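**Q** Before I ask anything, here is the structure I am working with.
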Amino acid sequence: MSGNATFTTGHACGRIGRAGPLIALCALLCSSCSGANAQSWQCRAPEGTFAEHDIAVPPNVTQFTGEMMISKSNGLSRWRPTAKVAFNDSDAATPGCHCNGVVATWYPEQPDSYLVSLSVDGKQIPAGRVPYGKPVKFKLTYTWDAELKLELGDKVVTGTTPNPTRNNLHFSCSTADVDFNVTVAPPPAPSPERCPYAAQEQWSGADVDRYCKTRG
C-alpha cells in the first residue's frame with residue numbers, strides 16, 4: 001500500500017515532517033547480497049504531510065542494507081523532516097508503531113546534520129549524527145534471539161524487540177522528498193546449528209528431517 005495525507009498527530013510509524021531535505025536510501029550491490037531483493041520507492045510529502053508504502057516480505061527475513069544521504073533544509077518548517085525504513089507485522093492488532101528499522105530525522109537545533117536512529121518496536125535509539133551531503137552505509141540485522149543490530153558506518157547500536165514478528169517492509173517519509181532503494185537479504189539457509197530456530201524461521205518438514213533428526 002502507498003499513500004499521502006495531511007499530517008496530524010497520532011499517526012503511527014513516524015509520520016512527522018517538512019519537504020526540504022532529500023534522503024536517498026540506495027541499495028548496497030555487493031557479492032554478499034547475491035539473491036537479495038532490491039526495493040525502490042520515491043516518497044514525496046510536502047510540508048505538513050506524510051506518505052508511506054508497504055512491501056510484503058517473507059516472515060523469516062533477517063536483514064536489509066542501504067545507504068542514506070540528506071540535503072540541507074531551509075529550517076523554516078514547523079515539522080521535522082523524517083524518513084523511515086523498517087520491518088513490521090502487518091497483522092498486528094495492537095495500535096501504534098511496532099516498526100523495527102532505521103529512522104533519519106532533521107532537527108532545527110542542529111540544522112547542518114540529521115540524526116540517524118535505530119527504531120526498536122517504535123522507540124528510537126540514537127546511533128549518531130551525519131552531516132548533509134555525506135552518504136552513510138547501514139545494515140540492520142535480526143539475530144536469533146530477536147535482538148536488532150544497526151551498523152551505521154563504524155557505529156553499532158543494538159536493542160531487543162518484544163515484537164519480533166515481521167512480514168512487511170515499511171517505508172515512510174514526512175515533510176520530505178525521499179528516494180528509497182533498499183536490499184532485503186534472503187533468509188538464512190537451514191543448517192544443523194540453526195535447528196533450535198527451525199520453527200521461528202518456518203522451515204519445511206523436509207529441512208527439519210534433513211538437518212535436525214537424530215540418525216541411528
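The values are calculated or read from the model by the stated rules, or taken from the named source; none is laboratory data. The model shown is predicted, which means the values in this text are computed figures rather than measured ones. Note that each Cβ is placed from the backbone with ideal geometry, even for glycine, and that neighbours are counted across all protein chains shown. Surface areas here come from the heavy atoms of the whole protein model, side chains and all, with no ligands, DNA or RNA. Shrake-Rupley method; radii C 1.70, N 1.55, O 1.52, S 1.80 Å.
**Q** Of PHE171, PRO81, ALA206, which is farthest on the positive side of the dipole of the stretch 71-216, counting Cα position, with +1 on Lys and Arg Cβ, -1 on Asp and Glu Cβ, and the Cα centre as origin?
**A** Comparing the listed Cα positions along the dipole, PRO81 ranks first.
**Q** Please list, ordered by chain and number, the residues whose modelled amide H lies under 5 Å from the amide H of GLY66; skip anything fewer than 5 residues away on the same chain.
**A** Long-range HN contacts for GLY66: LEU28, PHE138.
**Q** Whole-Hz Karplus ³J(HN,Hα) for the stretch 169-186, in order, using 6.51 cos²θ - 1.76 cosθ + 1.60 and θ = phi - 60°, x for Gly and Pro?
**A** 9, 9, 10, 7, 8, 9, 6, 6, 9, 10, 9, 9, 9, 10, 9, 9, 6, x
**Q** Scan around PHE180 for amide H atoms under 5 Å from its own, H built in the peptide plane at 1.01 Å from N, and keep only partners 5 or more places away or cross-chain.
**A** It is LEU25, TRP41, GLN42, CYS43, by chain and number.
**Q** Can you send over the solvent-accessible area of ASP91, 1.4 Å probe, protein chains only, in Å² to the nearest 10?
**A** 120
**Q** Counting only heavy atoms of the protein chains, get the accessible area per residue of the stretch 171-216 (1.4 Å probe) and round it to a whole Å² value.
**A** Solvent-accessible surface per residue comes out at 52 Å².
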